[in-house]
Amino acid sequence: MNFKLVIDQNCTEEVIANVHERTPLIDEIERLVTQEGTTNQIAGILEDEIKLLSVDEVECFYVEDEKTYASIKDGKKYLIKKRLYEIESTLPTDFIRINKSAIANTKRIARFKVQLSGAVDAQFESGYLEAVSRRCFVELRKRYGL
């Protein structure tokens with residue numbers, strides 16, 4: 001088997017594989033290439049413990065006191081050693097920005113609560129509340145067809 005890697009920052013990235021037949025290895029290579037930077041796990045810190053969190057169990061990534069946290073479905077919040085924009089670029093399409101400092105997992109939003117002032121909060125399955133900005137609410141309405 002031959003392998004050739006050409007690094008050229010001016011060209012469009014593509015992967016071409018010439019194979020005799022489809023095998024489980026080829027399937028795995030295809031999955032790795034087509035996942036486009038998404039990841040299934042992220043490291044979170046709770047007290048003195050580091051845990052690999054499944055992205056599916058995360059309800060919301062948010063910034064508090066200049067630190068990034070992940071709120072998960074059991075109500076715990078884990079410190080994440082990445083900036084919000086770094087996390088956002090690796091998340092699947094189920095995640096959407098709901099305000100300047102929060103990214104929500106749309107599968108984990110239980111309901112939207114409208115305040116008397118007209119403000120909207122996203123309430124997650126664990127009970128965690130996060131405000132939704134007016135600008136981001138427009139995108140949420142489009143996604144949900146409201």
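Some observations on this one:
- Filtered residue count, segment 88-146, keeping only those that are assigned to a loop (DSSP other than H, G, I, E, B) and charged (D, E, K, R): 3
- Of the residues making up segment 105-119, just one is surrounded by 17 or more Cβ atoms within 10 Å (Cβ to Cβ) and of a type in the set (A, V, I, L, M, F, W, C), namely Ile109.
- Filter pass, Glu47 being modelled with pLDDT of 85 or more, within 11 Å of the chain's Cα centre (by Cα) and of a type in the set (D, E, K, R): no
- Restricting segment 57-86 to residues that are crowded, with 18+ Cβ neighbours inside 10 Å and among the β-branched types (Val, Ile, Thr), the residue that is farthest from Val132 (Cα to Cα): Ile80
- Looking across Ser54, Ser101, Ser89, one residue alone is touching a helix residue (DSSP H, G or I) at 6+ places or on another chain (Cβ under 9 Å) and surrounded by fewer than 19 Cβ atoms within 10 Å (Cβ to Cβ). It is Ser101.
The values are calculated or read from the model by the stated rules, or taken from the named source; none is laboratory data. The structure displayed is predicted, hence computed values, not measured ones. For neighbour counting, all protein chains shown are included, and Cβ atoms are generated from backbone atoms with ideal geometry for every residue, glycine included.
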